[in-house]
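A quick write-up on the structure given underneath.
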Amino acid sequence: MKALRLYGPRDLRLEEVEKPSPPEGWALVETEAVGICGTDKAFYRGTYPLFKRPLIPGHEVVGRVVEGPEHLLGKRAVAEINFSCFECEVCKSGLYTHCPRKKTLGIDFDGGMAEYFVAPVSALHVAESLSPETGVFVEPLAAVLNAVEQFPVKPSYRVAVLGSGNLAILTVQVLGLLGVREVVAVVRRDSPKRRYVEETGTEILELEEALEKRESSFDAVFEETGSNEGLDIAIRLVKPRGVIHIKSTPGGKAEFNQTLAVVKEVRIIGTRCGTFREFKRAIELLSAGSVRPIVTSTVRLSRGREAFEKALDRREVKVVLTP
């Protein structure tokens, strides 16, 4: 089968590799679409060192089950990305996404940027109601839902969402569904993606204006800039004893004003992948049209390097690869 394999920074190759064979309890899935996310871009740039070389990236993936249990054969499915043991103490405590023995799709285990991928049957969710392009948003939407499930945002809150990319666009919509009183998207003045945020009906505050005014009036801030500078900005914008949700995974180390964070008694929270509950809910919301994601480019798998370079363009919200 054809697969994109990443060997190092910007060293992405389309190669012929052996089709994976699913072990017992697993399924073989024929890829229909896979999104390029922030972690993929960090791997590609080299700011986030690879855990496996070469790696077939891709965890925002949807496809048709071609080998596996009869009830799944021929069905469109999306995969959770954590393949856990379900036997260790962490898994038995209900934290299976943090299993110390887990493999993570497209991170340290070959992912969906290939004609086929394998996944445990327990990680697959039927998504017949979604198109392939919409299906790639189940994983990132589940990650957003995980943040508000773990640390709920009160309806009375004034909330800032930093960024204008895919996660930010999904987050402002989720917060709207939760009935949050005031949601403000904080974007750079020159952001070419600003118009996509505006189309959600979300109030816009230019980052430069917020910093100039020394704005510090948000009960909660979602840091979704995809950069290492976002946390420092979030600390400046949040109220004393406010909550900061960190969602960016750009690789590298963040620099932030630790003293200000301590003085303001800020709570900084990191959340990552959704569990089966958030995956199911994400499918429901996307199927109902309650959350409307944005695909800005669709590129063939055979032009993978071009797709990644395009994804690095600030004008792109989501680049999707198809076979």
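The values are calculated or read from the model by the stated rules, or taken from the named source; none is laboratory data. All of these numbers come straight from a predicted model, not from anything done at the bench. Don't worry about glycine lacking a Cβ; one is built from the backbone with ideal geometry, like all the others, and counts go over all protein chains shown. The area values use the complete protein model at the heavy-atom level, side chains included, leaving out ligands, DNA and RNA. Shrake-Rupley method; radii C 1.70, N 1.55, O 1.52, S 1.80 Å.
This table checks each residue for (1) crowded, with 18+ Cβ neighbours inside 10 Å; (2) in contact with a strand residue (DSSP E or B) (Cβ under 7 Å, 6 or more places away or on another chain); (3) in contact (Cβ under 8 Å) with a residue 60 or more places away in the chain.
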| residue | (1), (2), (3) |
| --- | --- |
| Leu6 | yes, yes, no |
| Glu15 | no, yes, no |
| Lys19 | no, yes, yes |
| Val29 | yes, yes, yes |
| Glu32 | yes, yes, yes |
| Gly35 | yes, yes, yes |
| Tyr48 | yes, no, yes |
| Glu60 | yes, yes, yes |
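Restricting attention to segment 158-170, the residues that are in contact with a Gly (Cβ under 9 Å, 6 or more places away or on another chain) and either surrounded by fewer than 21 Cβ atoms within 10 Å (Cβ to Cβ) or closer than 19 Å to Arg267 by Cα (or both) add up to 1. What do you reckon, is Arg64 under 21 Å from Gly135 (Cα atoms) and among the basic types (Lys, Arg)? Against the criterion (under 21 Å from Gly135 (Cα atoms) and among the basic types (Lys, Arg)), Arg64 qualifies. What are the residues in segment 224-233 that are within 12 Å of Gly165 (Cβ to Cβ) and open to solvent by less than 30 Å² (accessible area, probe 1.4 Å), if any? The answer is Glu224, Gly230. Restricting attention to segment 103-130, the residues being under 11 Å from Asn82 (Cβ atoms), touching a helix residue (DSSP H, G or I) at 6+ places or on another chain (Cβ under 8 Å) and open to solvent by 50 Å² or more (accessible area, probe 1.4 Å) number 0. Count of segment 248-272 residues, restricted to those that are of a type in the set (A, V, I, L, M) and either buried (at least 17 other Cβ atoms within 10 Å of the Cβ) or assigned to a strand (DSSP E or B) (or both), is 4. Would you point out the residue of segment 226-262, among those that are farther than 23 Å from Pro152 by Cβ and hydroxyl-bearing (Ser, Thr, Tyr), that is modelled with the lowest pLDDT? In this case the residue turns out to be Ser227.
Inspect all residues belonging to segment 239-247 and state whether any of them is surrounded by fewer than 17 Cβ atoms within 10 Å (Cβ to Cβ) and under 21 Å from Ala42 (Cβ atoms). Checked against the condition, which is being surrounded by fewer than 17 Cβ atoms within 10 Å (Cβ to Cβ) and under 21 Å from Ala42 (Cβ atoms), segment 239-247 yields no hits at all.
One residue stands out among those in segment 297-315 that are open to solvent by 20 Å² or more (accessible area, probe 1.4 Å) and touching a residue at least 24 places away in the same chain (Cβ under 8 Å): the one that is nearest to Glu32 (Cα to Cα), which is Thr298. Pairs meeting the criteria (first residue in segment 271-285 and among the polar types (S, T, N, Q), second residue at pLDDT below 95 and open to solvent by 10 Å² or more (accessible area, probe 1.4 Å), beta carbons under 6 Å, at least 6 apart or on different chains) are Thr271/Gln150.
When the test is whether a residue is out of contact with any Phe, Trp or Tyr (no Cβ under 9 Å at 6 or more places or on another chain), more than 20 Å from Val184 (Cα to Cα) and acidic (Asp, Glu), Glu133 passes it. Among residues of segment 63-77 that are farther than 12 Å from Val126 by Cβ and of a type in the set (Val, Ile, Thr), those with a beta-carbon under 6 Å from a residue that is in a strand (DSSP E or B) and open to solvent by 40 Å² or more (accessible area, probe 1.4 Å) at least six positions away or on a different chain give the pairs Val66/Glu30. Taken together, the residues in segment 194-223 that are part of a loop (DSSP other than H, G, I, E, B) and either of a type in the set (A, V, I, L, M) or open to solvent by less than 30 Å² (accessible area, probe 1.4 Å) (or both) amount to 1.
Among Val174, Val136, which is out of contact with any strand residue (DSSP E or B) (no Cβ under 9 Å at 6 or more places or on another chain) and open to solvent by less than 10 Å² (accessible area, probe 1.4 Å)? It is Val174. Identify all residues within segment 273-290 that are open to solvent by 80 Å² or more (accessible area, probe 1.4 Å) and either on the phi > 0 side of the Ramachandran plot or out of contact with any helix residue (DSSP H, G or I) (no Cβ under 6 Å at 6 or more places or on another chain) (or both); write none if there are none. Of everything in segment 273-290, those that are open to solvent by 80 Å² or more (accessible area, probe 1.4 Å) and either on the phi > 0 side of the Ramachandran plot or out of contact with any helix residue (DSSP H, G or I) (no Cβ under 6 Å at 6 or more places or on another chain) (or both) turn out to be Phe276, Arg277, Lys280, Glu284.
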